[in-house]
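Undergrad: If you scroll down you'll find the structure; I have some questions about it.
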Amino acid sequence: MSLVLRLPGEKTSRIPGFYKLPIKERLEKVADFAGLTDEEKALLLKEGNLDFKTADIMIENVIGTMAYPFAVAVNFLINGKDYMVPMVIEESSVVAAASNAAKVMRRDGGIKSVATDPVMIGQIQVIKLRNPWYAKMQIIEHKDEILELANQQDPILVKLGGGAKDLEVRVVDSPRGPMVIVHLLVDVRDAMGANAVNTMAESVSPFIEKITGGKTHLRIISNLADRRLVRSWVKVYKEDIGGEEVVDAIVDAWAFAAADPYRAATHNKGIMNGVIAVALATAQDHRAIEAGAHAYAAHFGRYEPLTHWEKDEDGNLVGSLEMPMAVGIVGGATKVHPVAKVSLKILGVKTAKELAEVMGAVGLAQNFAALRALATEGIQRGHMKLHARNLAVMAGATGDLIEEVARRMIEEGKITFPRAKELVEELTSKK
């Protein structure tokens with residue numbers, strides 16, 4: 001064990017028992033380490049719509065909370081039903097773009113969206129096998145016993161119609177040699193499902209070891225939820241978006257993403273602008289959704305867009321989206337965070353399947369909005385209008401001065417922080 005020598009007064013992040021301290025004492029330790037001012041400490045100690053007691057239960061080492069803008073996208077008609085969609089995001093123009101896109105997608109009952117059954121995959125890694133292919137057959141032979149053992153872990157889930165439904169077994173070559181990977185397919189109903197799936201995977205592992213003579217190693221959910229998909233599609237009439245020329249421009253923009261992974265990454269990021277904003281508002285595991293989406297985009301061996309845009313025989317634009325959507329309305333932070341509960345009430349969704357369908361529709365609408373902007377006026381026009389206001393605030397503008405500074409920068413075509421500061425100083429001195 002090596003000793004680290006420190007000079008007297010030198011800062012250290014090694015604080016034994018930090019997690020045991022009350023929030024304010026933790027903050028004092030951080031303030032001392034980072035040199036935070038009283039104003040900065042007070043800012044972190046402002047309680048908003050998430051109280052410190054709840055925050056301290058949700059995660060570890062809490063020293064405060066951080067608020068993001070909470071907005072609502074309007075105009076959404078999905079499967080013939082109207083929705084107001086809560087979105088939490090820091091990026092300008094996303095909510096406005098989603099609302100505008102939804103407005104031109106209201107014909108014919110709006111966006112169609114269908115989610116598959118909420119089946120998640122629990123992976124069990126089996127190593128140190130002399131005969132992996134024979135071990136695979138042994139596991140398949142005992143499939144019913146494995147499923148029964150898994151379902152004993154969550155009788156309530158089974159009673160609700162969920163539970164372990166099937167088993168798949170693969171032999172995978174790895175840098176450490178062949179290993180057997182068992183996929184436990186679990187219908188998690190209205191939950192995201194990580195806890196239920198992980199518990200089941202762990203519970204059947206000793207039995208699998210007994211069957212095969214191997215050793216089970218990792219036992220965990222896969223975030224490539226390719227059995228839990230949402231499919232959304234829509235027809236956008238050419239006359240509603242500026243004619244067939246605009247339709248062609250949007251399809252050409254999509255084709256760029258279909259041909260080039262560098263463009264496809266940004267294309268899919270635009271989809272996730274909408275999906276993740278709703279995920280944050282409803283306290284989903286947005287990291288799992290993001291990981292699953294990008295893995296699915298590459299599931300054919302090459303990274304591709306999650307949407308397809310085409311022109312139909314009448315010259316209208318038709319678009320579709322297919323992606324994993326592992327979301328829940330029970331368990332996790334969804335039922336702990338008070339704002340998440342409000343979000344679900346605003347949405348009015350009754351099942352995780354319906355939430356997935358809404359989120360798929362939002363992703364499709366968001367993608368259309370981005371492609372339309374890129375293919376016509378360019379993405380920056382609307383975005384920079386909102387960015388100008390942010391720069392004005394950063395430069396010290398308040399009240400009516402924010403709009404005036406933003407307006408002047410837009411008129412001049414110089415939307416920069418230095419120009420915002422100049423205008424703030426100029427307009428303030430005139431008052």
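Undergrad: Among 247, 251, which is the only one that is under 30 Å from residue 373 (Cα atoms), more than 25 Å from the chain's Cα centre (by Cα), in the same structural domain as residue 362 (by TED's automatic domain parsing) and buried (at least 21 other Cβ atoms within 10 Å of the Cβ)?
TA: The match here is 247.
Undergrad: Out of the stretch 79-128, which residues are farther than 29 Å from residue 162 by Cα and small (Gly, Ala, Ser)?
TA: 92, 93, 96, 97, 98, 99, 101, 102, 109, 110
Undergrad: Additional query: Can you confirm whether the stretch 153-162 contains a residue that is in the same structural domain as residue 127 (by TED's automatic domain parsing), more than 18 Å from residue 330 (Cβ to Cβ) and either out of contact with any Asp or Glu (no Cβ under 6 Å at 6 or more places or on another chain) or in a strand (DSSP E or B) (or both)?
TA: No, that holds for no residue.
Undergrad: While we're looking at this one, here's another question. Let me spell it out: the conditions are (1) of a type in the set (Gly, Ala, Ser); (2) surrounded by fewer than 19 Cβ atoms within 10 Å (Cβ to Cβ); (3) part of a helix (DSSP H, G or I); (4) at pLDDT 85 or above, and residue 373 meets all of them except one. Which number is the exception?
TA: Of the numbered conditions (1) of a type in the set (Gly, Ala, Ser); (2) surrounded by fewer than 19 Cβ atoms within 10 Å (Cβ to Cβ); (3) part of a helix (DSSP H, G or I); (4) at pLDDT 85 or above, the odd one out for residue 373 is (2).
Undergrad: Need pairs with beta-carbon distance below 8 Å; first residue at positive phi and surrounded by fewer than 19 Cβ atoms within 10 Å (Cβ to Cβ) and within the stretch 89-118, second modelled with pLDDT of 95 or more and not basic (Lys, Arg); sequence gap 6+ or separate chains.
TA: If the second residue must be modelled with pLDDT of 95 or more and not basic (Lys, Arg), the pairs left are 109/77; 109/79; 109/80.
Undergrad: Six or more apart or on different chains, Cβ under 8 Å: which pairs go from a residue in the stretch 269-292 that's assigned to a helix (DSSP H, G or I) to one that's of a type in the set (Phe, Trp, Tyr)? Could you list them?
TA: These pairs meet every condition: 280/68; 281/70.
Undergrad: Among the residues of the stretch 95-104, is any under 22 Å from the mean Cα position of the chain (by Cα) and farther than 17 Å from residue 270 by Cβ?
TA: Within the stretch 95-104 (the criterion being under 22 Å from the mean Cα position of the chain (by Cα) and farther than 17 Å from residue 270 by Cβ), the answer is no, since none of the residues qualifies.
Undergrad: Within the stretch 92-99, is there a residue that is modelled with pLDDT of 95 or more, more than 21 Å from residue 225 (Cα to Cα) and either touching a Pro at 6+ places or on another chain (Cβ under 9 Å) or part of a strand (DSSP E or B) (or both)?
TA: Yes: one or more hits.
Undergrad: Are any residues in the stretch 167-191 in a loop (DSSP other than H, G, I, E, B), surrounded by 21 or more Cβ atoms within 10 Å (Cβ to Cβ) and touching a helix residue (DSSP H, G or I) at 6+ places or on another chain (Cβ under 6 Å), and if so, which ones?
TA: 188, 190
Undergrad: Quick check, is residue 392 among the hydrophobic types (A, V, I, L, M, F, W, C), crowded, with 18+ Cβ neighbours inside 10 Å and touching a residue at least 40 places away in the same chain (Cβ under 8 Å)?
TA: No, not satisfied.
Undergrad: Let me ask something else about it. Select from the stretch 267-292 the residues that are surrounded by fewer than 24 Cβ atoms within 10 Å (Cβ to Cβ) and in contact with a strand residue (DSSP E or B) (Cβ under 8 Å, 6 or more places away or on another chain) and write down the one among them that is nearest to residue 354 (Cα to Cα).
TA: 280
Undergrad: Tell me, please, whether a residue that is assigned to a helix (DSSP H, G or I), assigned by TED's automatic domain parsing to the domain that holds residue 372 and either over 26 Å from residue 168 (Cα atoms) or acidic (Asp, Glu) (or both) can be found in the stretch 306-313.
TA: Checked the stretch 306-313: no residue is assigned to a helix (DSSP H, G or I), assigned by TED's automatic domain parsing to the domain that holds residue 372 and either over 26 Å from residue 168 (Cα atoms) or acidic (Asp, Glu) (or both).
Undergrad: When you scan the stretch 395-418, how many residues do you find that are more than 14 Å from residue 385 (Cβ to Cβ) and touching a residue at least 24 places away in the same chain (Cβ under 8 Å)?
TA: 6
Undergrad: Of everything in the stretch 192-201, what is surrounded by fewer than 24 Cβ atoms within 10 Å (Cβ to Cβ) and not aliphatic (A, V, I, L, M)? Give them in sequence order.
TA: 195, 198, 199
Undergrad: Looking only at the stretch 185-224, which residues are free of Cβ contacts under 8 Å to residues at least 60 places away in the same chain, under 16 Å from residue 152 (Cα atoms) and out of contact with any Asp or Glu (no Cβ under 8 Å at 6 or more places or on another chain)?
TA: Across the stretch 185-224, the qualifying residues are 202, 203, 206.
Undergrad: Another question, if that's okay. Identify all residues within the stretch 129-152 that are out of contact with any Leu (no Cβ under 7 Å at 6 or more places or on another chain), over 16 Å from residue 197 (Cα atoms) and surrounded by 15 or more Cβ atoms within 10 Å (Cβ to Cβ); write none if there are none.
TA: Those that are out of contact with any Leu (no Cβ under 7 Å at 6 or more places or on another chain), over 16 Å from residue 197 (Cα atoms) and surrounded by 15 or more Cβ atoms within 10 Å (Cβ to Cβ): 129, 132, 136, 138, 139, 142.
Undergrad: Sticking with this structure for a sec: So how many residues does the stretch 65-86 have that are part of a strand (DSSP E or B) and in contact with a Phe, Trp or Tyr (Cβ under 8 Å, 6 or more places away or on another chain)?
TA: 7
The values are calculated or read from the model by the stated rules, or taken from the named source; none is laboratory data. Predicted, not measured: the structure shown is a model, and the values here were computed from it. Methodologically, a virtual Cβ is constructed for each residue, glycine included, from the backbone with ideal geometry; neighbour enumeration extends over all protein chains shown.
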